[in-house]
Structures are given as structure tokens and as C-alpha cells.
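The values are calculated or read from the model by the stated rules, or taken from the named source; none is laboratory data. The shown structure was predicted, so the numbers you read here are calculated from the model rather than taken from an experiment. Cβ coordinates were reconstructed from backbone atoms using ideal geometry, including for glycine residues, and neighbour counts include every protein chain displayed.
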Amino acid sequence: MPSPSALVRAPAEGSGNAVLRRHPAFVARLVRCEPLPAALSDRARDLLGSILRESAVRAFEAAIPDPAAPDLWAGAVAIAAEGRVDFDPAPANGRLEALVEGAEDAVPAGSPIPERVLSLNRYLFDTCHLVSS
């Protein structure tokens, strides 16, 4: 029976996932075994998708240790980096910092909210040329 603790499961699943990625024929043999629990059979059929989803969730959870005070930027960067071993978050972090600093300069502190919203929109869409969806 699998442990409910991710700390217990992670090392075993990590080594198991590595073996299964290197030996896909083993997955086919595993699926044909009887009796095989349905959860294991379903996971083996969608092994790559399962690994990628779980990996993305672990990366997001590591980047957002406190759900009560989430740092959504860190979570977004963690997910963007998933699957890209050469991903360097520094340029993206630098662009975000520059965007935030520019926004702080462009928005008059203490002004009425409608004026601040208008100033922020002008900065983001006219100055920075961000595209709205």
C-alpha cells in the first residue's frame, strides 16, 4: 500500500519513474500483469503525463510553501521551468522587477484609485506595450 506521505513516496517513485522512462517495454509488461490494481494500471498507461503532472505540482508546491500567502510569480516560474533543464529564471525575474519598478514610478502614490488605475494602464499598455487578451 502506498504511503500517504509524499516524503516517503518521492524517493521510491523518483527512482521508479527513471527506470520506467529508460525501459518503456517494462511499462507494457507491467500493464499486462494480473492482478494489477486499477490505479497502478491507469498510471502505467499514462506514465509520461502522470510524471509531468506530478512534477509540475511538486515544483509549484516547492515554490509556494505557504498557501495562505502565495507567491504566484514564483509558482509560475517554477511551472515554466518544468521540463526545461536549461531554464534560467533570472532574465524573467529581472524583467518582472523592472516592470514593477516602472509601474511604481508611473503610478502617483496617494492619488485617487481611478487615477492610479488609469496611470497603471497607460504604463503597461502604452509604455510597455503589453497586450491585453
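Per-residue answers, yes or no, for (1) part of a helix (DSSP H, G or I); (2) exposed (fewer than 15 other Cβ atoms within 10 Å of the Cβ); (3) touching a helix residue (DSSP H, G or I) at 6+ places or on another chain (Cβ under 7 Å); (4) modelled with pLDDT of 70 or more:
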| site | (1), (2), (3), (4) |
| --- | --- |
| Ile51 | yes, no, yes, no |
| Glu54 | yes, no, no, yes |
| Pro70 | no, yes, no, yes |
| Ala74 | yes, no, yes, yes |
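Residues in segment 76-85 that are within 17 Å of Glu61 (Cβ to Cβ) and either without any contact (Cβ under 8 Å) to a residue 12 or more places away in the chain or of a type in the set (Asp, Glu) (or both): Ala76, Glu82. Of everything in segment 76-91 that is modelled with pLDDT of 80 or more, in a loop (DSSP other than H, G, I, E, B) and not aromatic (Phe, Trp, Tyr), the residue that is nearest to Cys128 (Cα to Cα) is Asp88.
Selection of segment 86-131 for residues being over 25 Å from Ala59 (Cβ atoms), acidic (Asp, Glu) and under 26 Å from the mean Cα position of the chain (by Cα) yields only Glu101.
Yes/no matrix, rows are residues, columns are (1) in contact (Cβ under 8 Å) with a residue 40 or more places away in the chain; (2) assigned to a loop (DSSP other than H, G, I, E, B); (3) outside the structural domain of Ala59 (by TED's automatic domain parsing); (4) of a type outside the set (D, E, K, R):
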{"site": "Asn93", "(1), (2), (3), (4)": "no, no, yes, yes"}
{"site": "Leu96", "(1), (2), (3), (4)": "no, no, yes, yes"}
{"site": "Leu99", "(1), (2), (3), (4)": "no, no, yes, yes"}
{"site": "Glu104", "(1), (2), (3), (4)": "no, no, yes, no"}
{"site": "Pro108", "(1), (2), (3), (4)": "no, yes, yes, yes"}
{"site": "Ser111", "(1), (2), (3), (4)": "no, yes, yes, yes"}
{"site": "Pro114", "(1), (2), (3), (4)": "no, no, yes, yes"}
{"site": "Leu118", "(1), (2), (3), (4)": "no, no, yes, yes"}
{"site": "Asn121", "(1), (2), (3), (4)": "no, no, yes, yes"}
